[in-house]
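A short write-up of the structure that comes next.
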Amino acid sequence: MIPQKTVDLILDTAKIEEVVGDFVTLKRRGADFVACCPFHNEKTPSFHVNPSRGIYKCFGCGKGGSAVRFVMEYEHFSYVEALRYLADKYHIEVQEREETPEEIAAKHRNESLMIVSDFACKFFREALKTPEGRSHGYAYLRSRGIDDQTIERFSLGWAPSGKRSFTDAALAAGYKEEYLLEAGLSIRYDDGSLGDRFRERAMFPIHSVSGRVIAFSGRTLRQDGAIAKYVNSPETPIYTKSRSLYGIALAKSEIARRDRCLLAEGNVDVISMHRIGLANTVASCGTSLTPEQIRGIHKFTDNITVMYDGDKAGIHAALRAIPMILQEGMNVRLLLFPEGDDPDSFVRKHTLAEVEEFIGGNEMDFVQYMIRTGDEPRRDPLRRAALIAQVADCIACISDVVKHTVFIQEAAQLLEVDERTIRVRISETLARRRQEELKTEERRRRRIDAGLPPEPDGEPVQSSPATTPQTAPSETDSKVENSILAPAEADLLTFILRHGCDLLEFESDSDFYTGSESDKPTVADFIRAALEADGCSFANSALRKTYDAYMELYDKGLLQQDIIRALLNSPDGAVAEVTAEFSMERHLLTIKNFENSLTTTSSWLVTYVPKAILLYGEKRLENRLKELRAALAAAGGEDENILRDIRNIFNAQKKIKSRLGRQ
């Protein structure tokens with residue numbers, strides 16, 4: 001852990017314009033710098049850097065934050081990695097806290113495994129240049145259309161046919177037997193001797209997100225079927241199959257830039273796609289797609305295009321992937337290649353422009369794909385019913401109300417079934433999943449009460465939306481769970497982030513006047529008191545987390561500028577981006593104009609902060625009214641209790657409108 005004193009020194013020293021300027025060409029425009037955004041494609045600059053506030057903000061894609069956040073986004077570093085990068089840039093010595101002996105041992109062991117894996121990668125690459133390597137491994141790679149530049153880029157190699165070729169070389173270089181065995185590079189025979197795990201195979205190194213070699217996949221060139229086509233590294237302390245993606249180190253920046261990941265099945269598929277220029281392609285590492293791998297992709301984009309083979313196995317794998325991808329909150333499209341083709345074979349017959357045109361013109365949403373690959377379900381009523389249920393179950397994984405509704409409408413039209421049928425199935429599915437979650441939680445609680453460890457087998461039940469799906473993402477990266485409340489919550493948070501520590505100087509005739517100088521509330525205290533009085537909190541998670549983070553720092557007695565700096569440098573990306581957005585977002589210019597049109601900032605605050613709270617109350621009533629109307633519709637419009645609650649909402653709305661001067 002980096003000591004807080006060192007963190008503060010790094011944050012004080014780093015200049016946002018210098019850090020961003022290392023990656024982007026900035027042009028001065030008034031007090032700011034501007035550029036075309038490095039995080040999305042654009043021709044007109046919408047990316048702003050404000051040195052005085054230490055903030056960057058893109059008004060196109062919504063990304064924003066501090067120097068630390070920029071390095072995290074651009075280089076895909078963790079918070080600590082970004083701090084270390086900045087410390088190195090500004091020559092700041094980082095002395096981390098003393099680690100425990102166990103932590104030191106684990107760190108050294110993992111580093112040793114990575115070092116020996118790196119040695120193995122170099123060994124296999126050199127072996128590719130030997131007569132045996134060139135006649136077998138190199139010839140195979142070239143036959144697959146892989147050129148020398150791509151071979152070098154992916155560090156492809158050859159495992160010699162000798163029983164101990166690699167093991168002897170590693171031992172001679174000083175590497176310990178225990179690390180060769182633990183890294184899965186060597187194996188121990190029954191007689192106690194060591195031998196190579198990979199022999200006479202084309203070698204494909206697997207890299208971590210940061211680019212370190214962590215494992216290998218070796219492909220045999222034999223055609224007799226007597227041995228396994230692929231041999232992969234076993235799981236080790238540095239390699240977990242379910243979390244690793246082949247090609248991710250080379251693809252991550254392009255995935256973020258294009259805002260889309262192309263997901264293939266095989267290593268060669270990935271290599272071929274990269275070779276022609278589609279470097280946003282990855283594949284799962286010798287395993288079916290997992291939620292952990294999807295989350296790894298989700299760090300860089302919300303969008304996945306699945307490009308699995310068109311055979312039965314590939315289609316089955318794609319169908320299995322759909323609900324997992326949707327469950328993680330991502331958008332999924334799927335592609336079927338012409339019969340007899342996979343991504344590799346198709347790419348080798350076409351140019352980049354032709355491949356891009358094919359993908360753009362043939363990728364389908366999951367409803368279309370499921371119907372397209374449904375084996376003529378309309379000929380069999382049972383198959384048709386099963387397909388409808390399968391499609392509905394996938395739609396049930398979507399938590400965005402707009403997408404949810406659109407896919408229901410599309411499915412009803414394509415499957416020629418009433419929307420109500422699909423909605424009923426979705427409701428049943430969500431209820432069933434909720435019951436499964438409750439049972440799982442009950443089992444977990446009973447095991448804990450009995451002093452037993454958690455259940456070792458099976459994956460945890462995927463959480464499903466507990467309430468009605470909500471709205472689509474806003475123009476920032478943060479998700480909006482409640483579109484009705486979001487604007488009012490944003491207004492309140494804007495006041496807090498810009499004026500939270502300012503006192504509210506109410507006049508003597510104001511409803512809020514206390515008559516005591518010491519009792520004058522700050523903006524933060526006033527808004528918090530209003531929320532707590534109603535027993536409510538922000539419905540939108542990114543705004544709520546930012547509000548909570550602000551109040552935690554505020555309660556420690558920090559000054560406003562120190563609170564904002566801490567939020568901008570928060571390890572939580574949502575908090576950093578929301579803070580940056582409400583510090584530089586364009587709508588704040590309108591608020592500033594209001595402020596300048598009045599005598600003082602104080603008079604502006606005492607006018608608009610209470611008004612913002614009233615507007616928030618009005619939106620809460622509107623949100624509740626929506627819920628009641630939905631409940632009334634579900635009850636057939638005849639529930640007297642619900643009707644009474646609706647009348648009460650109308651009366652409360654009239655009172656608020658009166659206080660706002662609308663009637």
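The values are calculated or read from the model by the stated rules, or taken from the named source; none is laboratory data. None of these values were measured; they are calculated from a predicted model. FYI the Cβ positions are ideal-geometry reconstructions off the backbone, even for glycines, and counts take in every protein chain you see. Ligands, DNA and RNA are stripped out before the accessible areas are found, and what is left, the full protein with its side chains, is counted by its heavy atoms. Shrake-Rupley method; radii C 1.70, N 1.55, O 1.52, S 1.80 Å.
Here are some notes:
- The GluC sites (Glu not before Pro) of region 201-288 meeting both criteria, a DSSP state outside H, G, I, E and B (loop) and at most 16 other C-beta atoms within 10 angstrom of the site's C-beta, are Glu235.
- Accessible carbon and sulfur surface of region 262-386 relative to its total accessible area, %, 1.4 Å: 47
- Difference of contour (0.36 nm per residue) and Cα-Cα distance, Leu382 to Ala226: 52.0 nm
- CD proxy at 222 nm, helix term only [per DSSP H run n ≥ 4: -39500 (n - 2.57); per residue of the chain; nearest 500]: -16500 deg cm²/dmol
- Förster radius 41 Å - calculated FRET efficiency between Ser603 and Asp548 (Cβ-Cβ, nearest 0.05): 0.85
- Region 601-657: C-alpha gyration tensor shape, a/c 1.5 cut-off, then a/b vs b/c: prolate
- Estimated FRET transfer efficiency (His108, Glu18; beta-carbon r; R0 51 Å; 0.05): 0.90
- With all protein chains kept in place, the per residue accessible area of the chain amounts to 50 square angstrom at a probe of 1.4 angstrom.
- With the simple model of a label 7 Å out from the Cα in the direction of the Cβ, Ala173 to Glu339 spans 4.9 nm.
- Förster radius 30 Å - calculated FRET efficiency between Asn362 and Ala139 (Cβ-Cβ, nearest 0.05): 0.35
- Computed label-point distance, nm, for sites Asp8 and Leu643 using a 7 Å Cα→Cβ extension: 6.5
- Residues in region 296-321 reached by a label modelled at Arg372 [backbone nitrogen below 20 Å; 7 Å Cα→Cβ]: 303-321
- Of the GluC sites (Glu not before Pro) found in region 354-425, the ones in coil according to DSSP and having at most 10 other Cβ atoms within 10 Å of their Cβ are Glu416.
- Rounded Å value of the spacing that divides the Cα centres of region 151-187 and region 1-78: 42
- Rounded tilt (10° steps) of 352-362 against the dominant C-alpha axis of the chain: 60
- Backbone N atoms of region 610-641 closer than 13 Å to the 7 Å Cα→Cβ label point of Ser483 are not found in any residue.
- Rounded to 10°, Cα long-axis angle of helix 248-258 versus longest principal axis of the chain: 40
- 0 to 90° range, to nearest 10: angle between helix 640-659 axis and the chain longest Cα axis: 70
- Computed accessible area, Lys654, all protein chains, 1.4 angstrom probe, square angstrom: 120
- Region 518-573: trypsin sites (Lys or Arg not before Pro) falling in loop per DSSP and having at most 13 other Cβ within 10 Å: Lys556
- Here the accessible area is traced with a 1.4 Å probe on the protein chains. For region 1-70, carbon and sulfur cover 51 percent of it.
- Applying 0.36 nm per residue to the separation of His350 and Thr287 and subtracting their alpha-carbon distance, the gain on full extension is 19.8 nm.
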